[in-house]
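Comments concern the structure below.
Please treat every number below as a calculation from the coordinates, not as lab data. This structure is a prediction, so every number in the text was calculated from the model and none was measured. Heads up, the Cβs are rebuilt from the backbone with ideal geometry, glycines too, and the neighbour counts pull from every protein chain shown.
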C-alpha cells in the first residue's frame, strides 16, 4: 500500500519543475510577439502613414480580442480542460505575426492583431492553470515564475524592434515566426504533461471543488474585493499602455534622439519589471500580499510623475525604478484573487489577464485620440498620475481576514 501511494504522484511531480519553466518560456515567446506590436508603432506609423488614432485601434484590437476571450476560455476550461488549446493558441500567434509582415492596409493590421490576441487569450488562462498545477505549496512563487516569462518577453520586444525591425522594416516580422514555431513545440510537450496531470488528479479535483463550494464568501464580499483589484489593474495597465505605445514618440520628440535610444529606455522598463515580478512573489510571502499590492502601484507614483521632466540619463534610472516597482504586484494580485475563488483558477486568470489587456487596448485608443487632439507631451504627463490610484489598495481585506474566511 505504501509503495502505491508514493509511486502514484511521482510521474507528475518529477516533471512539474520543468513544466513550470516550460510555461514560463512559452509565456516569454507569446508576450514577445504580442509586445512587439506596440513597440513597432513608430515604424508602422511611418511606413503605412497611420495616424495616432489608427495606431491606437491596432492596439485596441490586439488587446480587446484577448480581453473578451480570456475569461470565456478560462471559465470553460475550469469545467472542461482542453490541453490541446495550448499549441492551437500558439498557431494563431504564428499566423498573426505573418500577417504583420505582409500587411499593406490598416484592415490587414487589425486582422493580424486579432489573431495574436486570440493566441494570447488561450495561453494565459490555460498556462496559468498549468503553473498552478505544478506549483505544489509555492503558488506565489510559481505564479511569479510564470509571469516573469511574460515580462522577459515584453522586455525583449523593444530590442527586437531596434535590432531587427528597424534595419529590416516591416518584413522583419518574418523572424518572429521562428519564435512562434519554437513556442508551438514547447506547448505540445506541455499539453501532453497537462493531459497526464488531469488523469492523475481528476478525482482529487472533484473533492477539492466540493470542499471549496462550502466556504465561498458572500457575493458582496467577492464583488467588493474584485472591484478594487480591477481599479488597481486599470491604473497599472493603462499606464503601461501609455509607456509601451507612446513613450517612444515622446522620447524622440522631447530629447531629439533616435528611436533605438527610446527602445532601450523601454527595454530597461520591461527588464526591471521582470526582476520586480520575481521579487514581488517572495516579498509578498514575507510581508503580506495586501502590502505588496499597495506598494507595487502607489509606490510607483513619485517616479512616474518625475519621468516626463527628467533628463535622458535620469529617465533610464526612473524607467528602471518604475518597472521594478510597478510589475512586482501583478502576480501577487493574481494569486490573491485565485485564493479568493480557488475553484475558479482558470476563470480568475482569464478574467484578470483579459481585463488587463482590455484596459490596455481601450487606453491605447483613448490616449492615441487624445494625442491627436492635444500633444504627445500632454498625454505622457497625464499618464504619470495614474499610479496614484494605488491608494485604493488600502481598502482591500487584510491577509488575516482572508485566512479567517478560509481562503488561504
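Summary of computed values
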| quantity | calculated |
| --- | --- |
| Relative contact order of the chain, defined on C-alpha pairs under 8 angstrom at six or more residues apart (%) | 28 |
| Efficiency of FRET from Cβ geometry, residue 314 and residue 378, R₀ 35 Å, rounded to 0.05 | 0.95 |
| Calculated FRET efficiency for the pair residue 287/residue 257, C-beta based, R₀ 35 Å, to 0.05 | 0.35 |
| Gain in span if fully extended, residue 369 to residue 198, counting 0.36 nm per residue against the direct Cα distance | 56.9 nm |
| Least to most buried among 95, 379 (fewest other Cβ within 10 Å first) | 95, 379 |
| Segments 88-94, 281-287 sorted - mean Cβ within 10 Å per residue, highest first | 88-94, 281-287 |
| Most to least packed among 148-159, 259-270 [average Cβ atoms within 10 Å] | 148-159, 259-270 |
| Mean separation of Cα contacts under 8 Å, 6 or more apart, over the residue count of the range 235-364: relative contact order % | 36 |
| Of (1) 29, 58, 13, 0; (2) 22, 56, 21, 1; (3) 27, 62, 11, 0, the label for P(r) over Cα pairs in 20 Å bins from 0, in percent derived from the coordinates | (1) |
| Point-to-point label distance, residue 168-residue 343, nm (Cα→Cβ direction, 7 Å offset) | 4.9 |
| Value at 222 nm in deg cm²/dmol, rounded to 500, when DSSP H runs of n ≥ 4 in the chain each add -39,500 (n - 2.57) | -28000 deg cm²/dmol |
| Ascending count of other beta-carbon atoms within 10 Å, so fewest first, for 372, 31 | 372, 31 |
| Sorted by Cβ neighbour density within 10 Å, fewest at the top, the residues 27, 124, 132, 254 | 254, 132, 27, 124 |
| Shape category assigned to the range 63-145 from the gyration tensor of Cα positions, a/c cut at 1.5 | prolate |
| Gained length - residue 224 relative to residue 102, 0.36 nm times residue gap less alpha-carbon distance | 39.3 nm |
| Cα-projected label distance for residue 385 with residue 68, points at 7 Å along beta-carbon direction, nm | 3.3 |
| Three-way shape label, the range 323-408, alpha-carbon gyration tensor, a/c 1.5 | prolate |
